[in-house]
1. If you go through the stretch 1-33 one residue at a time, how many are more than 11 Å from the chain's Cα centre (by Cα) and either farther than 23 Å from R69 by Cα or within 16 Å of the ligand (Cβ to nearest atom) (or both)?
2. Just to check your reading of the model, which residue among V56, V31, V21, V48 is without any contact (Cβ under 8 Å) to a residue 40 or more places away in the chain and among the hydrophobic types (A, V, I, L, M, F, W, C)?
3. Any residue in the stretch 38-51 that is assigned to a strand (DSSP E or B), more than 16 Å from the ligand (Cβ to nearest atom) and surrounded by 13 or more Cβ atoms within 10 Å (Cβ to Cβ)?
Amino acid sequence: MFCTLCKGEMKKGRVNFPVDVEDNFILIKEVPALVCEQCGEYFLEDDVAGAIEEIVKKAKAADVEFEIRKFTARVNTPKIHPISRRGRRVLRDRFLDISG
Ligand SMILES: [Zn+2]
C-alpha cells in the first residue's frame, strides 16, 4: 500500500494519536497504524479506530479532562480500511457526537 499524499511506502508502525474533544484531551500512545515512510502521514485501520472510539467514550463517561495512555486493545486487522487525514476529521466528528 502506498501513501495517498506522496506515494511513499506505508509500513506498519505505531503512532501517538491525540484526541481533542471539547474539554477532554486524550493522547493515546503506541497506536498501531500504517505509517508513510516518506511524509509521516498515517492511516488507522477500522478496528483500531473503533477501539479508540471506545477509549474516548470511557474517558468522557469518567469525565477525564486530560489523559495520556497506551493503546492496549487487541485488534484484528485482516482488512484495511484506511482513514486519511480527512477521515480523521470524520472520526473526530464521531467523537464529538459522543458528548452529551
Ligand atoms: Zn506520504
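1. Final tally of qualifying residues: 13.
2. V48
3. For the stretch 38-51, residues assigned to a strand (DSSP E or B), more than 16 Å from the ligand (Cβ to nearest atom) and surrounded by 13 or more Cβ atoms within 10 Å (Cβ to Cβ): absent.
Bear in mind these aren't lab numbers, they're just calculated from the coordinates by the rules spelled out. Note that the structure is a prediction, hence the values are computed from the model and not measured. Because the Cβ atoms are built from the backbone with ideal geometry, glycine has one as well, and the counts that use them run over all protein chains shown.
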